[in-house]
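Trainee: If you scroll down you'll find the structure; I have some questions about it.
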Amino acid sequence: MVTGMRIAVTDPIITGFADHLARTRRAHEWRFAADSSPREALDGAEVVICSALAANDMPSPPTARLIHATGAGIDRIAADAIPADAAVCNTGHHGAAIAEHVIMVAMMLRRRALEADRQMREGSWRTVATAPGTPFHRALRGTTIGILGFGEIGQALARLAAGMGMRVVATRRRPDAPLPPDVSADRIYADAELGALLAESDIVAVTVPLTDATRGLIGADALRTMRPDALLINVARGPVVDEDALFDALADGVIGGAGIDVWWGAPEGTSAPPAVARFAGFANTVLTPHFSGHAREVFEQRAADIVRNIDLLDQGRPLERRVR
């Protein structure tokens, strides 16, 4: 007989890791919104595991003691959906996976992987040895990567880039704040010194959160500051980069290429947002559906975080990664 807490899971992605979630120290009553309506799943729940939560989904009176986000952001959890005495925790682990994505995209563009793949599929074998005028590859070693934002993602990217022999520069709200012992940068600029970072970077990776201050951070002026062969790779949020300015910069050859993993406007189901069609015509872009952090290992680790906090709550001990 189950004597533990009632736990509601409304996030469809983490629901696929139900076997990992069940590894709590004692048994609990699990309710998954996929098996019922969100309101039914949340009725009487002491723990709510979600990526988004609306006030009208919560029962009255509220029973939740813990609202656990399944990612780092809690911006989709309505403040008025959180009971006054409930804790809110988040989880992460996406940094390493997203950092790998940035390096992958940079290599695809600098080595012309998409162009070479297309030519091969068309039956053409074009190399510097067989076709005069074919461009040489560009290596990452010795180049400078500029990282906008130096949190979990930015620091994971710095580790990878340094290991590949790249020079690392970054922007940070507090440039003098200490870094983890395994993270270093050749230079850290203040946010106000963005132009200097853009001017010296061969690859610019956007990893800052979307706020009023960062919305449109990379606009026409910023793009013109970049080198003409530089790459812009956005793994943050679409609106951090001005869509029209980026389109014009690519069309006019202001920058060398772009990797876009985050977009302007949320898609409906499996239909791509309209912005994708605008950039699909450029040969020097890599377009992905906001999946840079969707490695299986990320969600296994997130499930483990959630399990640990459920056990801590059950034991009356302080929770980890508490944000409220």
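The values are calculated or read from the model by the stated rules, or taken from the named source; none is laboratory data. Please read all numbers here as calculations on a predicted model, not as lab measurements. Here the Cβ is made from the backbone with ideal geometry for all residues, glycine too, and neighbour counts use every protein chain on show. We work out accessible area using only protein heavy atoms, side chains counted, and drop any ligands, DNA or RNA first. Shrake-Rupley method; radii C 1.70, N 1.55, O 1.52, S 1.80 Å.
Trainee: In nm, what is the difference between 0.36 nm times the number of residues separating R173 and E100 and their Cα-Cα distance?
Mentor: Full-extension gain reported as 23.9 nm.
Trainee: Among V206, T10, F279, pick out the residue whose Cα is farthest towards the positive end of the charge dipole of the chain, where Lys and Arg carry +1 and Asp and Glu carry -1 on C-beta, about the Cα centre.
Mentor: Result: V206, furthest along the dipole toward the positive end.
Trainee: Another question about this same structure. Kindly provide the pair-distance distribution of the range 130-188 built from C-alpha pairs, with 10 Å bins from 0 and whole-percent values in order of increasing distance.
Mentor: Calculated P(r), rounded to whole percents: 22, 47, 16, 11, 5, 1.
Trainee: Ignoring ligands, DNA and RNA, please state the percent of accessible area on the range 180-269 from carbon and sulfur, probe 1.4 Å.
Mentor: About 49 percent, which is the carbon plus sulfur part of the accessible surface.
Trainee: Still on this structure: For S124 and L287, what is the calculated FRET efficiency with R₀ set at 25 Å and r taken between the beta-carbons, to the nearest 0.05?
Mentor: Once the sixth-power term is evaluated, E becomes 0.60.
Trainee: Also: Distance between Cα centroids, the range 193-257 to the range 1-59: provide it in whole Å.
Mentor: The distance from the Cα centre of the range 193-257 to that of the range 1-59 comes to 40 Å.
Trainee: Here's another thing I want to ask about it. Please get the size of the charge dipole for the range 63-166, origin at its Cα centre, with Cβ charges of +1 on Lys and Arg and -1 on Asp and Glu, quoted in debye to the nearest 20.
Mentor: Charge dipole, the range 63-166, about its Cα centre: 620 debye, nearest 20.
Trainee: Another one. For a test of the definition: using alpha carbon positions, the gyration tensor, and the 1.5 limit on a/c, classify the range 1-94 as rounded, prolate or oblate.
Mentor: Because its axes are fairly even, with a/c under 1.5, the range 1-94 counts as rounded.
Trainee: Quote the FRET efficiency, to the nearest 0.05, computed for D311 versus E193 with a Förster distance R0 of 51 Å and r equal to the Cβ-Cβ distance.
Mentor: It comes out at approximately 0.70.
Trainee: Just from the alpha-carbon atoms, what are the Rg and Dmax of the chain in angstroms?
Mentor: 22.4, 75
Trainee: Please name which of F247, M120, T225 has its Cα lying farthest along the dipole of the chain towards the positive end, using unit charges on Cβ (Lys, Arg +1; Asp, Glu -1) and the Cα centre as origin.
Mentor: M120
Trainee: Given R₀ = 22 Å, FRET efficiency for F136-M107 by Cβ-Cβ distance, to 0.05?
Mentor: Result of the calculation: an efficiency of 0.95.
Trainee: For the chain, give me the percentage of DSSP beta bridges that are antiparallel, rounded to the nearest 5 percent.
Mentor: Around 5 percent of the beta bridges assigned by DSSP in the chain are antiparallel ones.
Trainee: Now, a different point. In the range 14-120, if the dipole is taken from +1 on Lys/Arg beta carbons and -1 on Asp/Glu beta carbons about the Cα centre, which of I74, T91, I49 is farthest to the positive end?
Mentor: T91
Trainee: Now for a different question. Mind putting a number on the dipole of the chain about its Cα centre? Charges go on the C-beta only, +1 for Lys and Arg and -1 for Asp and Glu, and I need it in Debye to the nearest 20.
Mentor: 780
Trainee: Could you please state, rounded to a whole Å, how far the C-alpha centre of the range 277-324 is from the C-alpha centre of the range 115-165?
Mentor: Answer, in whole Å: 26.
Trainee: Separate question: For the chain, what does the accessible surface come to per residue with a 1.4 Å probe? Please give it in Å².
Mentor: Value for the chain: 50 Å² per residue.
Trainee: Another question, if that's okay. First compute the accessible area of the range 37-91 with a 1.4 Å probe, then give the percent of it belonging to carbon and sulfur atoms.
Mentor: Here it works out to 50 percent.
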